[in-house]
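Asks: Sharing a structure below in structure tokens format, with a few things to ask.
The values are calculated or read from the model by the stated rules, or taken from the named source; none is laboratory data. This structure is a prediction, so every number in the text was calculated from the model and none was measured. Note: ideal-geometry Cβ built from the backbone for every residue, glycine included; neighbour counts use all protein chains shown. Heads up: the accessible areas ignore ligands, DNA and RNA and are worked out on the full protein's heavy atoms, side chains in. Shrake-Rupley method; radii C 1.70, N 1.55, O 1.52, S 1.80 Å.
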Amino acid sequence: MTPGRVFRSIAGPAGLVLVLAALAAACGSYRAIRRLEPESREFISKVRYLVTAEERRIFLNLPAAERPAFQDEFWKKRDPDPETEENEFKVQYFQRIEEANHLFTDGQEPGWLQDRGRIDILLGPPSDRETYPRGVTFYGIPTEIWYYGFFPIIFVDPNWTGNYKLDPSSPIQLSEIMKTQLAWKPQVAPGASVLEFDLDVEKKGGGELEVRIRIPYAKIWMTSGDNKELRTTLTVALLGEDTEGKKIQESSAEFPLSLTEDEVERLRGQEYAIALGFTPKPETRVLVATVANGADKSSGSKRKTIGR
């Protein structure tokens, strides 16, 4: 049976508005990419299968001087083993790009930009591959069926040009592909990414301490919320220890943060400040401050000897 295709049209004024809005956004993104220096343009092109919408928007709005640091952090978040010198994820990703260019030479685009290349990069090579250069049936079109275990993915070449396209006839196929694409997006385990901040402790009257934490806005990862706002929640935990590292006391507080994209741009280069009161018990000698970001699960800790 020849794999079929499903076409869905968008009709009516509401559909037209959506189409125009999507086109406007695409044009704006295209212009922003054209303004990038060659190195940044190469980066955002090569990571197209990995980058999230938030990451892409932030990168395109960064000053040129800050883009190299963003790229370093981009790959660091995806490093499966930060203890090793080599980022295995990054190495494997670029190896698959090279393999796709070598394997899929038909068509007008480089292999890694074709549908077969994209799936090969995201899923790896299939466990089995069936090719039908003249179609599955007598009147069919060139077809390839890739198997990942018992799961088939179908590609067709309707114009007989060697440019195979993913056939969307099976919703299950597309669902599984989307799951795999998400699996290749940032998977940051708690503590895997370090949140940088400065810590100051000042003694006040009555034995109370004022704990001040300063975090560069550029280091605070946020996700999209309603009305195009960027949001996250920072959790600050304060822990008091004795001279042997035994926990004596602890407290925590949450700090929701919501900013518009304009505010993010305006605050770039500045710091988000948090001030907390902490009254140590007589046996407390060390204060440990931990800050965790709910958006990307990054966290960082710092210690201060407070004495008596």
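Asks: Among all the aspartates and glutamates, which ones have a C-alpha under 17 Å from LYS76's C-alpha, if same-chain residues fewer than 8 places away are not counted?
Replies: Here the aspartates and glutamates satisfying the reach criterion relative to LYS76 are GLU54, GLU55, GLU66, GLU85, GLU86, GLU88, GLU196, ASP296.
Asks: How many percent of the accessible area of the stretch 70-137 is carbon or sulfur, using a 1.4 Å probe?
Replies: Result for the stretch 70-137: 44 percent of the exposed heavy-atom area is carbon or sulfur.
Asks: Total Lys pairs in the stretch 204-308 closer than 19 Å by alpha-carbon, pairs eight or more apart in sequence or interchain only?
Replies: 11
Asks: Could you order the peptides 263-275, 66-78, 106-118 from most to least packed, using the average number of other C-beta atoms within 10 Å per residue? Write down the numbers at each step before the final one.
Replies: On the way: 263-275: 13.7, 66-78: 15.7, 106-118: 18.1.
Those peptides, ordered most packed to least, come out 106-118, 66-78, 263-275.
Asks: Under 27 Å between alpha carbons, and skipping anything fewer than 8 positions from LYS165 in its own chain: which lysines qualify?
Replies: LYS165 reaches LYS46, LYS90, LYS179, LYS185.
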